[in-house]
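Structure, as structure tokens:
The values are calculated or read from the model by the stated rules, or taken from the named source; none is laboratory data. Owing to the predicted nature of the structure, the values given are computational and were not obtained by experimental measurement. Note that we place each Cβ from the backbone using ideal geometry, even for glycine, and neighbour counts take in every protein chain shown. Note: accessible area is taken over every heavy atom of the protein model, side chains too, but ligands, DNA and RNA are not part of it. Shrake-Rupley method; radii C 1.70, N 1.55, O 1.52, S 1.80 Å.
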Amino acid sequence: MTPKILSLDPYLAPYTDDIALRIANFKSARKRLIPQNGTLSDFANGHHYFGLHRAVGGWVYREWAPAAEAMYLTGDFNGWDRHQYKLEKKDNGVFEIFIPGIHTLQNGQRYCAIVVHDGKELDRIPAYATYVVQDEKDHSWNAVVHHMEDPFPWTDEAFRPKKTVFVYECHIGMAQQAGKVGTYREFQENVLPRVAALGYSALQIMAIQEHPYYASFGYQVTNFFAASSRFGTPEDLKSLINAAHALGIAVLLDVVHSHASKNTREGLSEFDGTPYQYFHAGPEGYHPAWDTRCFDYGKDQVLHFLLSNLKFWMEEYHFDGFRFDGVTSMLYHDHGLGTAFGDYKQYFSMNTDTQAVTYLQLANSLVKELNPSAITIAEDTSAMPGLALPVSQGGIGFSFRLAMGEPDMWIKILKERKDEDWDMWGIFYELTNRRPGEPVIGYCESHDQALVGDKTIMFRLCDKNMYTGMAKVVQDPVIDRGIALHKLIRLLTMSLGGEGYLTFMGNEFGHPEWIDFPREGNGWSYHYCRRQWNLVDDPNLKYEYLNEFEKGMVLIGRKLRLFTGKTRSLWTHQGDKVLMYSRGGGVFAFNFDPSRSYQGYFLPVSEPGSYRVLLTSDDGVYGGFGRVAHKTYTAKKQADGRLGFQIYLPARTAIVFQKVQSREKLEKKA
């Protein structure tokens, strides 16, 4: 039977054998890993077996370290005696020890493993450690005993993620106003209510897996099963997720399975004394651009570790899915560095890491097996065919792929083009161009665009004028332009650019400046590693306008069921700088011209009836000039046969219309 991916994309016909190999590799791996009538969930239980666990009458600790000659466990519980507790070497490189007495180890005690390799004793944090803390005095990292007698009191049994996906990307540590590292509790109390008020349906949390270097944004992970202790305790994170679920908000983990920190004592690198235990040997095991280690997805033990990791976060913390970081790096042996991917053959060449492809298929299958409503998002710059198609259709199984070309387009336009030179056809094409059948998450900026070396859209539009022109009593044409275009860019991207939408925290209200983590180069300052919520909370500042527009924009997106509807181009005029289209239950009219307002501009529609103004970026509550009347128009057939109505379309303004249903239809629905 021909897989659906080939019928969706005719250009894949020459690569039928490659798609067949993709399918065969997945089936072979599943058969190899799972006994007959078993499930992936049965296989992904490494976290229940390995690591430190309370057992009947004591504690048991197990570790996989095939190249180790011997192993010991030490810590506060035995005065750091390095040789008192020696592990027994079992089959297949597994070490085990039972320590009698349930009070021998107690909560809060630090511990670590000692691995003997080639006669040398190597201090190592256990690979499955679930709580890891840095010492304030000597800055060393150690695992910490964390066993709760009573399970966390979850109240989210009935929660299911919404099908309409609006993703609020966030970082716990920099989500606070003060110049410090924020906590899970502070986020729950201060930021979560803001996300709910905006109408976002999902939180995507960065930097959760433990990482020693704060400025890595969480992308140099050392302890894959440990929620970062710099933000609080595991119970604090669970409380945040439980509270989000109570508000109807799903929570996604920004998971890093594309690479790992090269640190040895606190990381996986050289855990058993060899560089190739979890990673490739030689140059293949090193990422030259990120200075990190690359997993060997061809090893069953590595698959066991990574798949168990996904199940752990869903099982223990109730995460509703994952945004997979660095998927491009995983898919290709050269990590996609310097490759333009302008030809299909680049997706099916010797450069493609077919073992990584198989792992991602297994990962998505496991996640959906555990929770059919779960969401998985792939960060991939290569546009690999089938990435967001079901595995059963010859795909890799993600729910969505990030539309990474969209923010690049906006940056390029803002950097290189005058307002009057914007290409309406080019913008429409970029925002609607995606692989057939593959849903994408559209966005105009994420955390990447806010880092030092780049600028957010609002800061790029207004720059230094944001320091002097954001008071409501100040008239500043630079700020007026910035506010108008900020709203248009976000509304256009949300309504046209995907089957879901994403923003990074603070960008909804045009957060100024950039993100710069404390580091030696800035004197370890937190000044730019925070969110200035006071700006949007001040009724005297214009940030409030953008925040209110975000609420209105997300509300109409959900109300019109935009992401389930097809897009129909109604009118595009390059000279007028006008874009008109319909999607879902909405009709959209954009005028990007910097100065020309159009009286009696014809808006064509595909269905007869009445259309009312649902939203306009020009409303005073959104910082506009109030030039658009909220009224209802009746579509009429023109002399030339076109159906539609005439509107007033001011410069730098967007208007959203909704077709008014007849009373009979409304009564029938009710």
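Check whether at least one residue in the range 580-603 is under 30 Å from K162 (Cα atoms), outside any loop (DSSP other than H, G, I, E, B) and over 32 Å from the mean Cα position of the chain (by Cα), and report yes or no. Talk me through it step by step, then tell me what you get.
Step one: filter the range 580-603 for residues under 30 Å from K162 (Cα atoms), giving 580-590.
Subsequent filtering for residues that are outside any loop (DSSP other than H, G, I, E, B) retains 580-583, 586-590.
Checking which are over 32 Å from the mean Cα position of the chain (by Cα) leaves us with none.
For the range 580-603, residues under 30 Å from K162 (Cα atoms), outside any loop (DSSP other than H, G, I, E, B) and over 32 Å from the mean Cα position of the chain (by Cα): absent.
Selection of the range 451-479 for residues being in a helix (DSSP H, G or I) and under 23 Å from the mean Cα position of the chain (by Cα) yields I457, M458, F459. Remark: pairs (first residue in the range 276-287, of a type in the set (A, V, I, L, M); second residue in a loop (DSSP other than H, G, I, E, B); Cβ separation under 7 Å; 6+ apart in sequence or on different chains) = A281/P275. Pairs are defined by a Cβ separation below 8 Å, a sequence spacing of at least 6 or placement on different chains, a first member in the range 419-447 that is within 27 Å of K577 (Cβ to Cβ) and without any contact (Cβ under 8 Å) to a residue 60 or more places away in the chain, and a second member that is of a type in the set (S, T, N, Q) and assigned to a helix (DSSP H, G or I); the pairs so defined are C444/T493. Within the range 98-115, the only residue that satisfies the criterion of being over 12 Å from T74 (Cα atoms), under 39 Å from the mean Cα position of the chain (by Cα) and open to solvent by less than 70 Å² (accessible area, probe 1.4 Å) is G108. Among the residues of the range 376-406, the ones that are in a strand (DSSP E or B), touching a Phe, Trp or Tyr at 6+ places or on another chain (Cβ under 9 Å) and open to solvent by 10 Å² or more (accessible area, probe 1.4 Å) come to 1 in all. All conditions in (1) within 20 Å of A202 (Cβ to Cβ); (2) at pLDDT 95 or above hold for D480, with the sole exception of (1).
One line per residue, one yes/no per condition, for (1) among the β-branched types (V, I, T); (2) modelled with pLDDT under 95; (3) surrounded by 22 or more Cβ atoms within 10 Å (Cβ to Cβ):
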position: D272; (1), (2), (3): no, no, yes
position: Q277; (1), (2), (3): no, no, yes
position: T292; (1), (2), (3): yes, no, yes
position: F295; (1), (2), (3): no, no, yes
position: G298; (1), (2), (3): no, no, no
position: V302; (1), (2), (3): yes, no, no
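Scanning the range 53-97 for residues that are surrounded by fewer than 17 Cβ atoms within 10 Å (Cβ to Cβ), under 18 Å from A143 (Cα atoms) and acidic (D, E) yields a total of 3.
Just name the residue that is farthest from K559 (Cα to Cα) out of those in the range 593-615 that are touching a helix residue (DSSP H, G or I) at 6+ places or on another chain (Cβ under 8 Å) and surrounded by 18 or more Cβ atoms within 10 Å (Cβ to Cβ). Walk me through it before giving the result.
Of the range 593-615, the ones touching a helix residue (DSSP H, G or I) at 6+ places or on another chain (Cβ under 8 Å) are 593-594, 614-615.
Pick out the ones that are also surrounded by 18 or more Cβ atoms within 10 Å (Cβ to Cβ) and you get 593, 614-615.
Working: D593: 28, L614: 10, L615: 12 Å.
Taking the candidates together, the pick is D593.
Kindly establish whether Q346 is in a helix (DSSP H, G or I), more than 29 Å from P151 (Cα to Cα), of a type in the set (S, T, N, Q) and open to solvent by 40 Å² or more (accessible area, probe 1.4 Å).
Working: in a helix (DSSP H, G or I): yes; more than 29 Å from P151 (Cα to Cα): yes; of a type in the set (S, T, N, Q): yes; open to solvent by 40 Å² or more (accessible area, probe 1.4 Å): yes.
When the stated conditions are applied, Q346 passes them.
Listed conditions (1) open to solvent by 10 Å² or more (accessible area, probe 1.4 Å); (2) under 15 Å from G321 (Cα atoms); (3) hydroxyl-bearing (S, T, Y) are all met by S216, apart from (2).
To keep it simple, each residue is scored yes or no on (1) at pLDDT 95 or above; (2) of a type in the set (S, T, N, Q).
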site	(1), (2)
K418	yes, no
E438	yes, no
Y443	yes, no
Q449	no, yes
V452	no, no
M458	yes, no
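A count restricted to the range 226-244 and to residues that are touching a Ser or Thr at 6+ places or on another chain (Cβ under 7 Å) and either acidic (D, E) or buried (at least 24 other Cβ atoms within 10 Å of the Cβ) (or both) stands at 2.
Among the residues making up the range 135-153, those that are surrounded by 13 or more Cβ atoms within 10 Å (Cβ to Cβ) and modelled with pLDDT of 95 or more are W141, N142, A143, V144, V145, H146, F152. Contact map, the range 549-570: residues that are touching a residue at least 60 places away in the same chain (Cβ under 8 Å) and acidic (D, E) paired with residues that are in a helix (DSSP H, G or I) and exposed (fewer than 15 other Cβ atoms within 10 Å of the Cβ), Cβ distance under 9 Å, separation 6+ or inter-chain. No pairs are found. In the range 452-473, the residues that are closer than 13 Å to Y543 by Cα reach residues that are among the hydroxyl-bearing types (S, T, Y) and part of a helix (DSSP H, G or I) with C-beta atoms within less than 8 angstrom, at least six apart or across chains, in these pairs: M470/Y543.
Only one of the listed residues (G453, G442, G437) is out of contact with any Lys or Arg (no Cβ under 8 Å at 6 or more places or on another chain) and surrounded by 15 or more Cβ atoms within 10 Å (Cβ to Cβ). That residue is G442. Taking the stated definitions as given, is A250 open to solvent by 10 Å² or more (accessible area, probe 1.4 Å), touching a Leu at 6+ places or on another chain (Cβ under 8 Å) and either touching a residue at least 60 places away in the same chain (Cβ under 8 Å) or hydrophobic (A, V, I, L, M, F, W, C) (or both)? Against the criterion (open to solvent by 10 Å² or more (accessible area, probe 1.4 Å), touching a Leu at 6+ places or on another chain (Cβ under 8 Å) and either touching a residue at least 60 places away in the same chain (Cβ under 8 Å) or hydrophobic (A, V, I, L, M, F, W, C) (or both)), A250 does not qualify. Here F319, F341, F312 are screened, and the one residue that is more than 20 Å from E438 (Cα to Cα), part of a loop (DSSP other than H, G, I, E, B) and open to solvent by less than 30 Å² (accessible area, probe 1.4 Å) is F319. For V554, the test of being assigned to a loop (DSSP other than H, G, I, E, B) and aliphatic (A, V, I, L, M) is failed. Every condition in (1) surrounded by 17 or more Cβ atoms within 10 Å (Cβ to Cβ); (2) in contact with a strand residue (DSSP E or B) (Cβ under 6 Å, 6 or more places away or on another chain) is met by S569 except one, and the failing one is (1).
Taking the range 155-169 as the search range and keeping residues that are of a type in the set (S, T, Y) and assigned to a loop (DSSP other than H, G, I, E, B), which one is least open to solvent (accessible area, probe 1.4 Å)? Steps first, please.
Applying the first criterion (of a type in the set (S, T, Y)) to the range 155-169 yields 155, 164, 168.
Going one step further and asking which of them are assigned to a loop (DSSP other than H, G, I, E, B), we end up with 155, 164.
Details: T155: 99, T164: 41 Å².
Residue satisfying both the conditions and the ranking: T164.
For the range 500-521, does any single residue satisfy the condition of being basic (K, R), over 25 Å from the mean Cα position of the chain (by Cα) and farther than 27 Å from V165 by Cβ?
We begin by selecting, within the range 500-521, every residue basic (K, R); these are 519.
Next cut, over 25 Å from the mean Cα position of the chain (by Cα) only: none.
Among the residues of the range 500-521, not one is basic (K, R), over 25 Å from the mean Cα position of the chain (by Cα) and farther than 27 Å from V165 by Cβ, which makes the answer no.
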